[in-house]
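The values are calculated or read from the model by the stated rules, or taken from the named source; none is laboratory data. None of the values given here were measured: they were computed from a predicted structure. We place every Cβ from the backbone using ideal geometry, glycine too, and count neighbours over all the protein chains shown. What goes into the accessible areas is simple: the full protein's heavy atoms, side chains included, and nothing from ligands, DNA or RNA. Shrake-Rupley method; radii C 1.70, N 1.55, O 1.52, S 1.80 Å.
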Amino acid sequence: GVLIGCTPKKPPPPQVDPDLARAQQLIQLGDHAGAAALYQGIANRSDLLERQEYLLRAAEQARLSGDRDLQGELLLRLSALPLNPPRDLRRRLLAADLAMSDQQPDRALLELGAEPDASFSRLERKRYYRMLADIQAALDDDLAEAYALIDLEALSLDPQESLQLQRQILELLTNLSPAQLAPTPADPQAAGWQELAASIQTFGFESSALR
């Protein structure tokens with residue numbers, strides 16, 4: 001006969017690694033070295049896709065703890081893994097940061113690589129342009145730094161942050177020679193900023209120049 005009222009057993013919920021919660025607690029306590037060690041341990045016992053994420057988290061926590069050797073070691077492991085574009089951007093940012101800590105901005109620029117397109121989140125793209133601006137500043141390339149800040153400012157939703165970035169952009173551009181400002185870039189945003197800077201050099205500064 002048919003059994004009435006029997007329902008199939010629900011599968012047990014997936015096991016959550018207790019070290020994940022512990023790592024979060026350590027981060028809140030400011031123990032980034034401890035969190036890095038836990039994430040490393042989780043990565044070592046995870047499948048390939050999860051391993052990528054936890055190695056990245058470990059490397060990010062190693063950076064925050066100031067353990068550059070561990071950061072480099074984890075980046076070496078990550079370089080051998082097939083990362084999706086957002087994870088690869090996180091790896092590139094960490095690699096560029098490591099090169100900057102070694103006072104090698106040329107290497108940092110190579111590590112940072114290509115600009116993220118519109119498929120990346122606003123936050124991811126902001127992190128990229130902030131790092132790019134820092135690298136160009138270390139290379140003493142004021143025009144390239146200004147271009148990176150122009151891209152960063154275009155992504156900002158914070159009026160105070162935008163105003164601060166606008167001031168930085170104008171300070172960099174107005175300190176360039178007219179010859180450096182003369183070539184019109186293809187990007188209309190950058191072209192507008194250069195035109196404004198050239199106008200300020202010629203006619204002086206008006207506070208209305210800033211939005």
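Here are some notes:
- Filtering the stretch 125-164 to residues that are within 14 Å of the chain's Cα centre (by Cα), aliphatic (A, V, I, L, M) and closer than 18 Å to ALA114 by Cβ leaves MET131, LEU132, ALA133, ILE135, ALA148, LEU152, LEU155.
- Test: ARG91 is within 17 Å of the chain's Cα centre (by Cα) and open to solvent by 30 Å² or more (accessible area, probe 1.4 Å): yes
- Any hit, the stretch 10-19, residues being assigned to a helix (DSSP H, G or I) and at pLDDT below 95: yes
- Here the condition is being within 20 Å of ALA36 (Cα to Cα) and of a type outside the set (Val, Ile, Thr); of ARG91, ARG122, it holds for ARG91 alone.
- Test: residue in the stretch 34-53 that is open to solvent by 20 Å² or more (accessible area, probe 1.4 Å) and in contact with a Gly (Cβ under 9 Å, 6 or more places away or on another chain): no
- Test: residue in the stretch 53-64 that is under 30 Å from ALA182 (Cα atoms) and charged (D, E, K, R): no
- Counting only helices (runs of 4 or more DSSP H) that sit completely within the stretch 76-195, those holding 2 or more residues that are closer than 22 Å to LEU56 by Cα correspond to 85-101, 105-112, 122-138.
- Residue within the stretch 96-103 that is more than 27 Å from ASP158 (Cβ to Cβ) and among the charged types (D, E, K, R) present: yes
- Residue in the stretch 47-70 that is under 27 Å from LEU152 (Cα atoms), modelled with pLDDT under 95 and in a loop (DSSP other than H, G, I, E, B) present: no
- One residue from SER121, SER156, SER162 being open to solvent by 30 Å² or more (accessible area, probe 1.4 Å) and either more than 26 Å from GLY66 (Cα to Cα) or among the polar types (S, T, N, Q) (or both): SER121
- Residue, least open to solvent (accessible area, probe 1.4 Å), within the stretch 167-197, restricted to residues that are within 12 Å of GLU145 (Cβ to Cβ) and not hydrophobic (A, V, I, L, M, F, W, C): GLN168
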